[in-house]
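The next block holds one structure in the form of structure tokens; read it before the comments.
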Amino acid sequence: MKNKKRKLAAILFADIVGYTALMQKDEATARQNLEKFRNTLNEKVAVYHGQIIQYYGDGCLCTFDSAVDATQCAKEIQQIFQSEPKVPVRIGLHSGDVFFEADNVYGDAVNVASRVESMG
């Protein structure tokens, strides 16, 4: 790892709560929630100077150069998801040293943000 360029980043993990169960019960609503989720993240992450690294089904991994920007983004998207159609979302935030490789991000900060998100 000595040759990897590292940087300090804020990591935002988000996913839709109960998406798999909803997909089994009501595919149309699940797709509607997923579309709102992705459209909102595409718009708001850019507004707050973040970068979407990857979508994972109903989840998303984003990075920000600023922890304040990541927090403000998380707050705004949670507010948007409270309007109809409501989208139940968990978000985990953490900051730390990471490195980028092949369009992905790695580091303990990513793992911690993922664990925080899963407890949301």
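A short reminder: the numbers here are calculations on the coordinates, not readings from a lab. It should be emphasised that the depicted structure is a prediction, and the values quoted were computed from it without experimental measurement. Ideal geometry is used to build each Cβ from the backbone, glycine not excepted, and the neighbour counts take in all protein chains shown.
Data for the structure
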quantity	calculated
Rel. contact order, % - alpha carbon contacts under 8 angstrom, at least six apart, region 1-103	46 percent
Added length on full extension, which subtracts the Cα-Cα distance from 0.36 nm per residue, V17 to V68	15.9 nm
Read-out Rg/Rh (Cα atoms, Kirkwood Rh), derived from the coordinates shown; its label in (1) 1.12; (2) 0.97; (3) 0.99	(3)
CD proxy at 222 nm, helix term only [per DSSP H run n ≥ 4: -39500 (n - 2.57); per residue of the chain; nearest 500]	-14500 deg cm²/dmol
Difference of contour (0.36 nm per residue) and Cα-Cα distance, V47 to K4	12.6 nm
Derived scalar couplings ³J(HN,Hα) [region 23-30; Karplus, 6.51 cos²θ - 1.76 cosθ + 1.60; whole Hz; x for Gly, Pro]	4, 5, 8, 8, 4, 5, 5, 4
Label-zone membership for region 2-28, site R90, 7 angstrom Cα→C-beta point, backbone N under 17 Å	12-23
Filtered trypsin sites (Lys or Arg not before Pro), region 59-114: DSSP coil and at most 12 other beta carbons within 10 Å	K86
